[in-house]
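The values are calculated or read from the model by the stated rules, or taken from the named source; none is laboratory data. This is a predicted model, so every value here is computed, not measured. Cβ coordinates were reconstructed from backbone atoms using ideal geometry, including for glycine residues, and neighbour counts include every protein chain displayed. For the accessible areas, the whole protein counts, side chains as well, though only heavy atoms, and no ligand, DNA or RNA atoms are used. Shrake-Rupley method; radii C 1.70, N 1.55, O 1.52, S 1.80 Å.
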Amino acid sequence: MKATLFYDIEKEVILSSPLKGEICHASTILALDNGELLCAWFQGSTEGAPDVKIWGARRSGTRWEASMLLADHQGIPCWNPVLFMRRDGSVILFYKIGEEIASWQTLYKISTDRGHSWSPSKELVANDRGGRGAVRNKVLRLENGRILAPASLENGPWRSFADISDDEGRTWTKSEEVTIQLSEKQKVNEDFKSIPVSVQSFKGRGVIQPTFWESEGLVHMLMRSTEGQIYHSISENQGENWSTALPMGVPNNNSGIDVAKATDGRLYLVCNPVGESWGKRSPICLLCSEDDGSTWRQVLVLDEGEGEFSYPAIICKDRNLYITYTWKRQNVAFWKLELNI
C-alpha cells in the first residue's frame, strides 16, 4: 500500500447550520455527469415521525447549495433515500414510506434535468410491502449492464437480497435471500436509549442493508449484522444466487456500512468498527483493502468522540472518493478524498 493514499482531503458539512428541533439521517450521494454532486437524506422531528420528508442538496463547484424538499407524503414517514443515474442521464430517487419498517413500501421519482425537478412518485414494485429495491446503499451497475439494488427485509428474521433489473430499473426481480446462522453467545443490546432510532429496529436478528462490489465476474455483498461483525456473501451468477454468508472479521455495531471500488481496484469501506450489536456509533472510519476484501486496514478516522457518526455513503468518481454520513443527527458530513493513483 502506498505511504500516502490521498493527494488532497476536504471535509465540510452540507447544511449551512445544524438542525434545531429536527433530525437528519441516512444520506445518499451521486456524482452527476456535469461534475456536480447530489445528496439526499431524510429529515423531520424524529426518525419514523409523520413529518419526516426527503430533502436534498446540490454541490456545484466548491459549495453546497441550500437544501431542497424532494418528497413529502403528508403524514406518512419517509425513509432512506438512494440516488442512481441511468445510462440516459436521468436520475432515479428511491425511498421508503410507511409507519413500520417491516411493512414499508418503496417509491421512486425520476429527474431528467439532474435533480432540478422530479416526476410524481410511483410504486417501484406493485403491492410491495416490506421493501423492494435499494434499502439504503447505492445501486451497482455490473459490467454486463445489469443493475443490482442492495435490499433487505425486516418482517421477521433480518435477511438481505439483491433486486435485479436488466432494463434500467423499469422492472425488478428479487434474488435468493441471504440469511445467517445466529450466534447464541451474541447478546443484542436492548438499552437503546442513547441511540435515536426507531424502537421497532431492535426486534430483528440477522443481516440487513447490504452493499455490493463486482470483481472478476463475481459480485460481493457485505452486510450489517446483529452478530458484532460485518458479514460477506458472493454471487457467481450476477446477483441471482448467493453463497452462505460468513463473518469477515471486521467489527460491526449493527449500523450502516458502505463500500466502493476505486479505479485502481482498491476497495474502500466506511463503517463504525465497534464489535457490539447496537454499540456506539463512534468512531466512524475509512478502511482499505488491496486484496479484494480478504483483509482490511484502517486508513482514516473520519469522526470520533461523543455523539453519533453513522450511516455512511461512499462513491468513487475518477480519482476522487466522496463520502457522506450522519453527523450527530444535526447535519450531514461530507468528505472529498483525491486518491493517489
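Quick one: what pairs do we get from region 35-62, first residue farther than 18 Å from Tyr95 by Cβ, second at pLDDT below 95 and part of a strand (DSSP E or B), C-beta under 6 Å, 6+ apart or different chains?
Glu36/Ser60
Please specify each residue of region 315-341 satisfying the condition of being open to solvent by less than 50 Å² (accessible area, probe 1.4 Å) and farther than 28 Å from Asp264 by Cβ.
The answer is Thr326, Arg329, Asn331.
If Asp292 passes every condition in (1) under 15 Å from Val250 (Cβ atoms); (2) surrounded by 20 or more Cβ atoms within 10 Å (Cβ to Cβ) but one, which one does it miss?
(2)
Kindly indicate which of Ala40, Ala71, Ala26, Ala57 is among the aliphatic types (A, V, I, L, M), closer than 13 Å to Arg329 by Cα and surrounded by 18 or more Cβ atoms within 10 Å (Cβ to Cβ). Spell out the reasoning first.
Numbers: Ala40 fails: closer than 13 Å to Arg329 by Cα; Ala71 fails: closer than 13 Å to Arg329 by Cα; Ala57 fails: closer than 13 Å to Arg329 by Cα.
One residue alone meets the criteria, Ala26.
Within the group Ser294, Ser255, Ser243, which residue is among the hydroxyl-bearing types (Ser, Thr, Tyr), under 27 Å from Lys174 (Cα atoms) and more than 19 Å from the chain's Cα centre (by Cα)?
Working: Ser294 fails: under 27 Å from Lys174 (Cα atoms); Ser255 fails: more than 19 Å from the chain's Cα centre (by Cα).
Exactly one of Ser294, Ser255, Ser243 is among the hydroxyl-bearing types (Ser, Thr, Tyr), under 27 Å from Lys174 (Cα atoms) and more than 19 Å from the chain's Cα centre (by Cα), namely Ser243.
Restricting the search to region 109-161, which residues are in contact with a Ser or Thr (Cβ under 7 Å, 6 or more places away or on another chain), closer than 24 Å to Asn34 by Cα and of a type in the set (Ser, Thr, Tyr)?
Hits for region 109-161 are Ser111, Thr112, Ser117.
Which one of Glu65, Glu47, Glu100 is open to solvent by 10 Å² or more (accessible area, probe 1.4 Å) and either in contact with a Pro (Cβ under 9 Å, 6 or more places away or on another chain) or hydroxyl-bearing (Ser, Thr, Tyr) (or both)? Step through it out loud before you land on a result.
Numbers: Glu65 fails: either in contact with a Pro (Cβ under 9 Å, 6 or more places away or on another chain) or hydroxyl-bearing (Ser, Thr, Tyr) (or both); Glu100 fails: either in contact with a Pro (Cβ under 9 Å, 6 or more places away or on another chain) or hydroxyl-bearing (Ser, Thr, Tyr) (or both).
When all the criteria are applied, what remains is Glu47.
Limited to region 295-314, what total is found for residues that are open to solvent by less than 10 Å² (accessible area, probe 1.4 Å) and among the polar types (S, T, N, Q)?
Summing the residues that are open to solvent by less than 10 Å² (accessible area, probe 1.4 Å) and among the polar types (S, T, N, Q) in region 295-314 gives 1.
Among the residues of region 184-206, is any of a type in the set (D, E, K, R), farther than 23 Å from Phe309 by Cβ and at pLDDT 95 or above? Spell out the reasoning first.
From region 184-206, those of a type in the set (D, E, K, R) are 184-185, 187, 190-191, 193, 203, 205; that's our starting set.
Subset that is farther than 23 Å from Phe309 by Cβ: 184-185, 187, 203, 205.
Right, trim to at pLDDT 95 or above and you get none.
No, because not a single residue in region 184-206 is of a type in the set (D, E, K, R), farther than 23 Å from Phe309 by Cβ and at pLDDT 95 or above.
Suppose the filter is modelled with pLDDT of 95 or more and under 14 Å from the mean Cα position of the chain (by Cα); does Leu269 pass it?
Numbers: modelled with pLDDT of 95 or more: yes; under 14 Å from the mean Cα position of the chain (by Cα): yes.
So Leu269 passes the test.
Restricted to region 57-91, and to residues that are of a type in the set (D, E, K, R) and in contact with a Phe, Trp or Tyr (Cβ under 9 Å, 6 or more places away or on another chain), which residue is nearest to His116 (Cα to Cα)? Don't jump to the end; show me each part of the working.
The first filter runs over region 57-91 and keeps only residues of a type in the set (D, E, K, R), leaving 58-59, 63, 65, 72, 86-88.
Then keep just the ones that are in contact with a Phe, Trp or Tyr (Cβ under 9 Å, 6 or more places away or on another chain); that gives 58-59.
On the way: Arg58: 9, Arg59: 12 Å.
Going through the qualifying residues, I end up with Arg58.
May I ask you to list the residues in region 274-289 that are surrounded by 20 or more Cβ atoms within 10 Å (Cβ to Cβ) and under 19 Å from Glu227 (Cα atoms)?
Val274, Ser277, Trp278, Arg281, Ile284
Just checking: which of the strands (runs of 3 or more DSSP E) contained wholly in region 75-161 hold 1 or more residues that are at positive phi? Write out each step before concluding.
Details: elements: 78-85, 91-97, 105-111, 147-153.
Result: 78-85.
Regarding Met221, is this residue assigned to a strand (DSSP E or B) and in contact (Cβ under 8 Å) with a residue 60 or more places away in the chain? Reasoning before the result, please.
Details: assigned to a strand (DSSP E or B): yes; in contact (Cβ under 8 Å) with a residue 60 or more places away in the chain: yes.
For Met221, the condition - assigned to a strand (DSSP E or B) and in contact (Cβ under 8 Å) with a residue 60 or more places away in the chain - is met.
Being more than 14 Å from Phe94 (Cα to Cα) and modelled with pLDDT under 95 is the filter; apply it to region 129-153 and report the residue that is most open to solvent (accessible area, probe 1.4 Å).
Arg129
So in region 1-21, with the set limited to residues that are outside any loop (DSSP other than H, G, I, E, B) and not acidic (Asp, Glu), which one is nearest to Phe309 (Cα to Cα)?
Residues of region 1-21 outside any loop (DSSP other than H, G, I, E, B): 6-13.
The next check asks that each one be not acidic (Asp, Glu); those that pass are 6-7, 9, 11, 13.
Values: Phe6: 22, Tyr7: 25, Ile9: 19, Lys11: 14, Val13: 12 Å.
Within region 1-21, the match that is nearest to Phe309 (Cα to Cα) is Val13.
Please determine whether any residue of region 22-41 is among the β-branched types (Val, Ile, Thr) and assigned to a loop (DSSP other than H, G, I, E, B).
Scanning region 22-41, I find no residue that is among the β-branched types (Val, Ile, Thr) and assigned to a loop (DSSP other than H, G, I, E, B), so the answer is no.
I want to confirm something. Restricting to region 296-305 and keeping residues that are touching a strand residue (DSSP E or B) at 6+ places or on another chain (Cβ under 6 Å) and not aliphatic (A, V, I, L, M), which single residue is farthest from Glu10 (Cα to Cα)? Outline the logic, then answer.
To start, the set of residues in region 296-305 that are touching a strand residue (DSSP E or B) at 6+ places or on another chain (Cβ under 6 Å) comprises 296-303.
Okay, now just the ones that are also not aliphatic (A, V, I, L, M), so 296-298, 303.
Numbers: Trp296: 23, Arg297: 21, Gln298: 18, Asp303: 13 Å.
For region 296-305, the residue satisfying everything is Trp296.
Condition (residue is of a type outside the set (A, V, I, L, M) and farther than 20 Å from Glu12 by Cβ) applied to region 57-65: is it met by at least one residue?
No, region 57-65 contains no residue that is of a type outside the set (A, V, I, L, M) and farther than 20 Å from Glu12 by Cβ.
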